[in-house]
Amino acid sequence: MRKITSKQLRKEWIDFYVARGHVDCGAVSLVSDGSTGAMFNVAGMQPIMPYLLGQKHPLGTRLCNVQGCVRTNDIDGIGDKSHLSFFEMMGSWSLGDYFKKERCQWSYELLTEVFQFDRDHLAATVFEGDENAPRDEEGAKYRIESGFKPENVFFLPAEDNWWGLEYGPCGPDSEMFYISDKPACGPDCKPGCHCGKYTEVGNDVFMQYEKHHDGHLTPLEKKNVDTGWGLERNLAFLNGLDDVYRTDLFAPIIAALEESSGIKYEADEKSTKSMRIIADHLRTSVMLIGDQAKLLPSNAGAGYVLRRLIRRALRHGRNLNLKTADYRKIASIFIDDIYVDSYPLLSKNKEFILSELEKEINRFDATIENGLKEYKKILETKKAENATVIDGKSAFRLYDTFGYPLELTIEMAEEEGLKVDEEAFAKCMEEAKELARENASFSQKSADANVFEGLDESITSKFVGYDKLNVTDKIAALADDNAVQNELTAGQTGTVITSVTTFYATMGGQKGDIGTIKTAGGEFKVEETVKLPGGRIGHIGKVVSGVIKCGEDAELNVCPTNRAATCRNHSVTHLLQAALAEVLGDHVEQAGSYQDSERTRFDFSHGQAMTKEEIEKVEAIVNQKIAENLAVVTQEMSIEEAKKTGARALFGEKYGATVRVVSMGDYSVEFCGGTHVGSTGEIMSFKILSENGVAAGVRRIEAITGLNVIAYYKNIEKELNESAAVVKTQPSNLVEKLGNMMAEIKALQSELESMKAKAAKEALGDVMNQVVEIKGVKLLATSVAGVDMNGLRDLGDQLKTKIGEGVVVLLSDLDGKVNMIAMATDGAVANGAHAGNLIKGIAALVGGGGGGRPNMAQAGGKNPSGIPAAVAEAAKVLEGQL
């Protein structure tokens, strides 16, 4: 086995498969699109499933990637040496292309040639067969032919070596293992016995059957292969580590925690567990907030999982006396160091990530401080009573009064050897719901998914705001952030429900309305409008004056400016989709969208980046349709009638019996339930800000309309004037001025490079007397001070010419770091010299790594004091090659 960094592991995985005709299809968002029923992408194959099930992939039939995944089903197990909530899966796929022979051969090559496992320590398992499918003799045959020893290929049952869903594609899988030198646990010792002798490194799934609803199998016409290797697990294993937190993915974080806490990792079990939980949970939180979905902590769905991860990390941070600055530092290390190359979106979203993380820390601190004091009182009482259980009433008081999550109470109680009476807690919760039903016809919680689940089913909300912005109605229900209330007072945040509303709730990509709700006694500022279960619409916001009460008459007033801007952005999206289809082709399908008062974002299916000309053409078409001032007409009709009109529907969307169809002249006809302008002229203008890829085969356009376009160009004009002032010219002469300046800079750079080359040559001096001969091959290995990589390459070329045939190795200390190159002539390569392997052989002595081709290689290092040793080692490494 060879030691390897996480960056090398990702790169070499992709390089290996690209060299074998695969396309890197890239990673998708960690937050699932909902098609699988999971909140997150929990497996590398999850985004590929539609293509494994038969859909044609736009990038072809051979794919590979490294996909981030999030699993929190075993969150309580995190804190040991291996469990993680975020992990990366290195995957490759054949979609009806190659099958077992190539797959087995490539897996063996990857194991032995790339990761340098030795054959004697490799094992594989294959399906032993059962009453449904035959023994996988073919898989065993190709494993052995690829290089596995016959005695190290094991047949195991379906529970170990079969993959499949309830029905659909399925087939045998074949796992690969490393065999340790420790003694077998017994005569039946083999992969899967969990004694530690066999460690799984990867898995190949051969989807060759289709399972029908009655359970029988038939062969698939097009067979698929899914290969998956866990990056973190293999990274630790390849580096001889049994603790994933010792790898380069976590080592800087552990070091930062040691520094902040003054406690050494593994000094004691409790602090070590806390360090692991903090490192894992903050990594996952950074990934989720910085993801393209920009997930935020909340009290429902995926946002609740994120909130729980952050708060669990914060709670363990209290064990180490960590401060807000410490959490920011840890998050920054993940962003700026560990994942700076692999996840560039994190760097782009750094300030957003740190800001949202700090907000959640502040929210948690405020919630937890009082709750923790109360918990300690309960704990002291229980210990004094020699009790082993915290009663449900106490746990519910922590939850209901102090906002203390039940799972946090359970976890903290377990650390003290106590349990929580969860059944009694549930009973208290139900009693609270019943009391709420009696007093106000609604239940227990804040304004998220299950807020009003106890509300009388007859209370629903009807949207009446398509053609008006104001309406009067009675307040049907109220809730603050923690519980149901009969009234909300000035300063309180919460949710208001009415039977009718002019406020559009966020859905279909359109952001909900903002505005005010006024009663005789108070005013509520609506900051967000959302759909709630049970056919209700929730107005979320804050009481800005007085008191608002359940049952009062209220005036609901939508902000007209915000609504108009949002309508412009929504309506233009319809024109944009039609223009994209006109310019790019009918394959264009909506893959997601978002509109608020500031911008529109539109995701669409297209296999390649749009050209500058295509973007300009789309923009011109949309602005032309705006100028034509087309009437925007909305009609309600049956789904059958709507289909006859040719209206475009959103792929995968489920529609009811009656739908709204929005037409913009004859140019765009779509199913849509959102709000729109009266005519396209109201949009005023349209400007595309960016076009980029967000997933395999999916592109994204971000654009602005109306007054935002005017503001955009005003800002550009301001920057143009400022730029012209900086270079002391007029805006009309700026291009010419910059052209002249660039020519000057280029000339100066050329002069500088010449001077640097001359200085490097002078610094090196005459080194020809250092040439030695190794088994008939000349070697010049030496060092020179203060030369960058470009300078070393120039010197290397000169010295290679001087020695005629042979090998040149140069190292230089520059700004505390090491640059090094190795060059070999064709004659030296023919004799066995390999510059790439030579560099690998000496790089570790200067704290670095690298490699390259047989005739040219380069590397960097962090330890200049090792340069003399590396120069001396070059002769030994070259001698071993010849």
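Within the range 160-172, being open to solvent by 10 Å² or more (accessible area, probe 1.4 Å) and either aliphatic (A, V, I, L, M) or at pLDDT 90 or above (or both) holds for Asp160, Trp162, Leu165. If you go through the range 324-347 and keep only what is more than 17 Å from Asp248 (Cβ to Cβ) and either open to solvent by less than 60 Å² (accessible area, probe 1.4 Å) or out of contact with any Gly (no Cβ under 8 Å at 6 or more places or on another chain) (or both), you end up with Thr324, Ala325, Asp326, Tyr327, Arg328, Lys329, Ala331, Pro344, Ser347. If I filter the range 9-25 for residues that are assigned to a loop (DSSP other than H, G, I, E, B), without any contact (Cβ under 8 Å) to a residue 60 or more places away in the chain and either open to solvent by less than 60 Å² (accessible area, probe 1.4 Å) or more than 23 Å from Gly168 (Cβ to Cβ) (or both), do I get at least one hit? The answer is yes; a qualifying residue exists.
To keep it simple, each residue is scored yes or no on (1) of a type in the set (A, V, I, L, M); (2) under 22 Å from the mean Cα position of the chain (by Cα).
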residue: Lys7; (1), (2): no, yes
residue: Glu12; (1), (2): no, yes
residue: Arg20; (1), (2): no, no
residue: Val23; (1), (2): yes, yes
residue: Asn41; (1), (2): no, yes
residue: Ile48; (1), (2): yes, yes
residue: Asp74; (1), (2): no, yes
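Considering Thr561, Thr566, the condition of being of a type in the set (Ser, Thr, Tyr), within 31 Å of the chain's Cα centre (by Cα) and either open to solvent by less than 20 Å² (accessible area, probe 1.4 Å) or at pLDDT 95 or above (or both) is satisfied by Thr566 alone. Taken as a whole, the range 677-699 holds at least one residue that is open to solvent by 20 Å² or more (accessible area, probe 1.4 Å), closer than 26 Å to Gly512 by Cβ and touching a Gly at 6+ places or on another chain (Cβ under 6 Å). When the criteria are applied in full, Gly534 meets the requirement of being over 17 Å from Thr472 (Cα atoms), over 31 Å from the mean Cα position of the chain (by Cα) and in a loop (DSSP other than H, G, I, E, B). Among the candidates Glu232, Glu210, Glu200, Glu175, the residue that is surrounded by fewer than 20 Cβ atoms within 10 Å (Cβ to Cβ) and closer than 18 Å to Leu111 by Cα is uniquely Glu200. Residue count for the range 784-806 satisfying the condition of being in contact (Cβ under 8 Å) with a residue 60 or more places away in the chain and surrounded by fewer than 19 Cβ atoms within 10 Å (Cβ to Cβ): 2. Return the total of residues in the range 573-613 being part of a helix (DSSP H, G or I), touching a residue at least 24 places away in the same chain (Cβ under 8 Å) and surrounded by fewer than 16 Cβ atoms within 10 Å (Cβ to Cβ). Going through the range 573-613 one residue at a time, the tally reaches 1.
Of (1) in contact with a Ser or Thr (Cβ under 8 Å, 6 or more places away or on another chain); (2) under 28 Å from Asp248 (Cβ atoms), Asn837 satisfies all except one. Which? For Asn837, the exception is condition (1).
When you scan the range 808-843, how many residues do you find that are within 33 Å of the chain's Cα centre (by Cα) and more than 21 Å from Val784 (Cβ to Cβ)? Selection size over the range 808-843: 1. Scanning the range 750-783 for residues that are crowded, with 17+ Cβ neighbours inside 10 Å, modelled with pLDDT of 70 or more and either within 17 Å of Leu814 (Cα to Cα) or not hydrophobic (A, V, I, L, M, F, W, C) (or both) yields a total of 3.
Out of everything in the range 807-824 that is assigned to a strand (DSSP E or B) and not aliphatic (A, V, I, L, M), what residue ends up being most open to solvent (accessible area, probe 1.4 Å)?
Just the residues of the range 807-824 that are assigned to a strand (DSSP E or B), to begin with: 807-814, 817-824.
If we keep only those that are not aliphatic (A, V, I, L, M) as well, we get 812-813, 817, 819.
On the way: Ser812: 1, Asp813: 64, Lys817: 128, Asn819: 31 Å².
Once the filter is applied, the top-ranked residue is Lys817.
Screening the range 41-98 for residues that are basic (Lys, Arg) and not in a strand (DSSP E or B) and picking the one that is least open to solvent (accessible area, probe 1.4 Å) gives Lys81.
Residues that are farther than 27 Å from Tyr304 by Cβ and in contact with a Leu (Cβ under 8 Å, 6 or more places away or on another chain) within the range 340-388 comprise Val340, Lys382, Ala387, Thr388, listed in sequence order. Residues in the range 110-130 that are touching a residue at least 12 places away in the same chain (Cβ under 8 Å), surrounded by fewer than 20 Cβ atoms within 10 Å (Cβ to Cβ) and part of a helix (DSSP H, G or I): Thr112, Val114, Arg119, Asp120, His121.
The values are calculated or read from the model by the stated rules, or taken from the named source; none is laboratory data. Small disclaimer: the values here were computed from a predicted structure and weren't measured. Glycine gets a Cβ as well: all are built from the backbone with ideal geometry, and neighbour counts include every protein chain shown. Note: areas computed on protein heavy atoms with side chains; ligands, DNA, RNA excluded. Shrake-Rupley method; radii C 1.70, N 1.55, O 1.52, S 1.80 Å.
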